[in-house]
Amino acid sequence: MKRLGLSGNYAVAYAVKMADVDVIAAYPITPQTTIVEKLSDFVANGELDAEYVNVESEHSAMSACVGASLTGARVFTATSSQGLAYMHEVLFMASALRTPIVMTNVNRALSAPLNIWNDHSDAMAERDSGWIQLWASSAQEALDTTIEAFKIAEDVLLPVMVNIDGFIVSHTYEPVTLPDEGEVKRYIPSKPLTNRLSPRLAYSVGVVGPPEYYYEMKYQAVDAMERSRQRIKEIEADFNRRFGKDYKDINAYYMEDAEYALLAMGSMTGTARVVAESLRRRGERAGVVSIRWFRPFPFERLAEILEGVRGIGVMDRAVTPGGPSNPLFVDVASGLYGMAERPVLQSFVAGLGGRDVSTDEFGMMFSKTKEAARSGRAGPCIYVGLRE
Amino acid sequence: MSKRRLKGWKEIPMGGMVTEPGSSVEFDVSAWRTFKPVIDQSKCTKCGLCWIYCPEAAIVIKEDGRYEVDLTFCKGCGICERACAPRAITMVKEESA
Ligand code: SF4
Ligand code: SF4
């Protein structure tokens, strides 16, 4: 096993190289660029035998990925923010045509104003595109999750988006352990996918689906996503066994006896843990819940983890203007609706456009959540750190 | 179109692929038409341009060499009328035809 100092983006590039992809089609965009830059190095140096397709836009990048994937090739792309938004219509085709594309989305705010820093508005806007969405909050997790993503995508025949926070994960260098290459090959062998386009197997794809057929075709992808819940669990368990890890749908910290907790996705959960630890030292029963799979959303396990917890502060790094609440909150609230005794949910918005969220602000969120837990009532959404 | 039992989501090939070639023969497009092409056989020189240009392959060549329109597949676009140099093809409004 090799240990290297890698940024989150380079860790992803190493994972893609180990996955021995056949086709990479990408367009540069900050803060994703260094992923595909590194991959182009690998291809140019002969370290990775892949077709590297330079395209003129993200729309074309995703279109090329769909075409390549339909031939059975193992395909990768990466993007951020406006680039993901520009792929929007093709994302829906990728999932409905059941192409197992793996894409890293380095989370970045959407314009305007133009902002290259981190928030989750790009991924949240693609919530309904039919892509599996996984979230990694360190360079090591980014590498491991990317390797898993190929296995998941090719097993359930759905595209997988691996999200990492822009700059916070993408550009931070960390010690990263590279898994054993032979073991990676055994975990995701490069075998041609069956039932794919080839000169021997001709068929038409992307056909018109009139009202008599569209519904059934769409439902196939809905069903695949539902069935993926169980498969991802098994594939992840296999990964954990082979590589000595402990990845799951939700990471729960100090939740065994928690009275209240903060729930979030991505790197913010790291700061939340640090603050929860100091609260614990003061005798507070604070916990942290980190969602790793956003699609399929693990609402059943979330309900199990939150059994007996009185209050949850849900931190969104994106907004749904005019909605009843923000995207993560909405999923948590509707996911927990069936619980007999639901915790009180307090909504927070934090860190938009790369705004730092300080430990003091986390302290405030914990105490507001505790207040809600104790009083049994939550207030309106709190926009953390917003100047009036 | 004949009334057939439509396939359910479990039976349709994954991703809505069409696995059999030439399946468009099952698709009657005649209802799309407002105008239909009528060929004046006395003016037709049998040049074949309408046959080449028709995007639906709706122009058929009969055994005796006559050019005719298969109205099940003609969508009424009028391209054949434009392609026909001796003006043997006229687009005629459906109800008045
Ligand atoms: S009208 Fe259009 S579709 Fe019909 S026969 Fe002429 S070219 Fe073909
Ligand atoms: S284009 Fe006109 S002349 Fe030529 S074959 Fe068709 S109908 Fe006849």
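The values are calculated or read from the model by the stated rules, or taken from the named source; none is laboratory data. Keep in mind that what you see is a predicted model, and the values were worked out from it rather than measured. FYI the Cβ positions are ideal-geometry reconstructions off the backbone, even for glycines, and counts take in every protein chain you see.
Here are the criteria: (1) within 11 Å of ligand 1 (Cβ to nearest atom); (2) within 20 Å of B:Val25 (Cβ to Cβ). Tell me which single one B:Lys62 does not satisfy.
Single failed check for B:Lys62: (1).
Scanning for something at pLDDT below 95, hydrophobic (A, V, I, L, M, F, W, C) and farther than 25 Å from A:Ser121 by Cβ, does region A:321-340 turn up at least one residue?
Taking every residue of region A:321-340 in turn, at least one turns out to be at pLDDT below 95, hydrophobic (A, V, I, L, M, F, W, C) and farther than 25 Å from A:Ser121 by Cβ.
Please indicate, with yes or no, whether at least one residue in region B:64-82 is within 16 Å of ligand 2 (Cβ to nearest atom), exposed (fewer than 12 other Cβ atoms within 10 Å of the Cβ) and either polar (S, T, N, Q) or at negative phi (or both).
Within region B:64-82 (the criterion being within 16 Å of ligand 2 (Cβ to nearest atom), exposed (fewer than 12 other Cβ atoms within 10 Å of the Cβ) and either polar (S, T, N, Q) or at negative phi (or both)), the answer is yes, since at least one residue qualifies.
Looking only at region A:94-140, count how many residues are in contact (Cβ under 8 Å) with a residue 40 or more places away in the chain, more than 14 Å from chain B (Cβ to nearest Cβ), within 24 Å of A:Cys65 (Cα to Cα) and not aliphatic (A, V, I, L, M).
Final tally of qualifying residues: 13.
Of the residues A:Asp180, A:Asp122, which is surrounded by fewer than 23 Cβ atoms within 10 Å (Cβ to Cβ) and modelled with pLDDT of 95 or more?
None of the others qualify; the one that does is A:Asp180.
Answer yes or no: is there a residue in region A:137-154 that is closer than 26 Å to A:Thr320 by Cβ and not in a helix (DSSP H, G or I).
Scanning region A:137-154 turns up at least one residue that is closer than 26 Å to A:Thr320 by Cβ and not in a helix (DSSP H, G or I).
Hey, among B:Phe27, B:Phe73, which residue is under 11 Å from the mean Cα position of the chain (by Cα) and within 12 Å of chain A (Cβ to nearest Cβ)? Reasoning before the result, please.
Working: B:Phe73 fails: within 12 Å of chain A (Cβ to nearest Cβ).
On inspection, the qualifying residue turns out to be B:Phe27.
Is one or more of the residues making up region A:329-337 under 22 Å from A:Thr269 (Cα atoms), in contact with a strand residue (DSSP E or B) (Cβ under 8 Å, 6 or more places away or on another chain) and outside any helix (DSSP H, G or I)?
no
Could you tell me whether any residue of region B:24-45 is more than 16 Å from ligand 2 (Cβ to nearest atom) and farther than 30 Å from A:Met217 by Cα?
Our first condition is that a residue be more than 16 Å from ligand 2 (Cβ to nearest atom); within region B:24-45, this holds for B:24-34.
Filter once more, so that each one left must be farther than 30 Å from A:Met217 by Cα: B:34.
Within region B:24-45, one or more residues are more than 16 Å from ligand 2 (Cβ to nearest atom) and farther than 30 Å from A:Met217 by Cα.
Anything in region A:184-226 that is outside any loop (DSSP other than H, G, I, E, B), more than 9 Å from chain B (Cβ to nearest Cβ) and surrounded by 14 or more Cβ atoms within 10 Å (Cβ to Cβ)? List them, or say none.
Hits for region A:184-226 are A:Val184, A:Tyr187, A:Met225.
Assuming B:Gly16 fulfils every condition listed in (1) within 30 Å of A:Leu157 (Cα to Cα); (2) surrounded by 13 or more Cβ atoms within 10 Å (Cβ to Cβ); (3) within 15 Å of ligand 1 (Cβ to nearest atom) apart from one, which condition is it?
That leaves (3) as the condition not met.
Residue-by-condition table, conditions (1) closer than 22 Å to A:Val207 by Cβ; (2) within 14 Å of ligand 2 (Cβ to nearest atom); (3) within 14 Å of chain A (Cβ to nearest Cβ):
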site: B:Met17; (1), (2), (3): yes, no, yes
site: B:Leu49; (1), (2), (3): no, yes, no
site: B:Cys54; (1), (2), (3): yes, yes, no
site: B:Ala85; (1), (2), (3): no, yes, no
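Which fully enclosed strands (runs of 3 or more DSSP E) of region B:1-79 have 2 or more residues being polar (S, T, N, Q)? Working first, answer last.
Working: elements: B:35-39, B:59-61, B:67-69.
The strands (runs of 3 or more DSSP E) meeting that bar number zero.
Can you tell me how many residues in region A:246-269 are of a type in the set (A, V, I, L, M) and either closer than 19 Å to A:Pro296 by Cβ or outside the structural domain of A:Phe329 (by TED's automatic domain parsing) (or both)? Before you say what the answer is, go through the steps one by one.
Start the filter on region A:246-269 by keeping residues that are of a type in the set (A, V, I, L, M), which leaves A:250, A:252, A:255, A:258, A:261-265, A:268.
Checking the rest, the ones that are also either closer than 19 Å to A:Pro296 by Cβ or outside the structural domain of A:Phe329 (by TED's automatic domain parsing) (or both) come to A:250, A:252, A:263-265.
Of the residues in region A:246-269, 5 are of a type in the set (A, V, I, L, M) and either closer than 19 Å to A:Pro296 by Cβ or outside the structural domain of A:Phe329 (by TED's automatic domain parsing) (or both).
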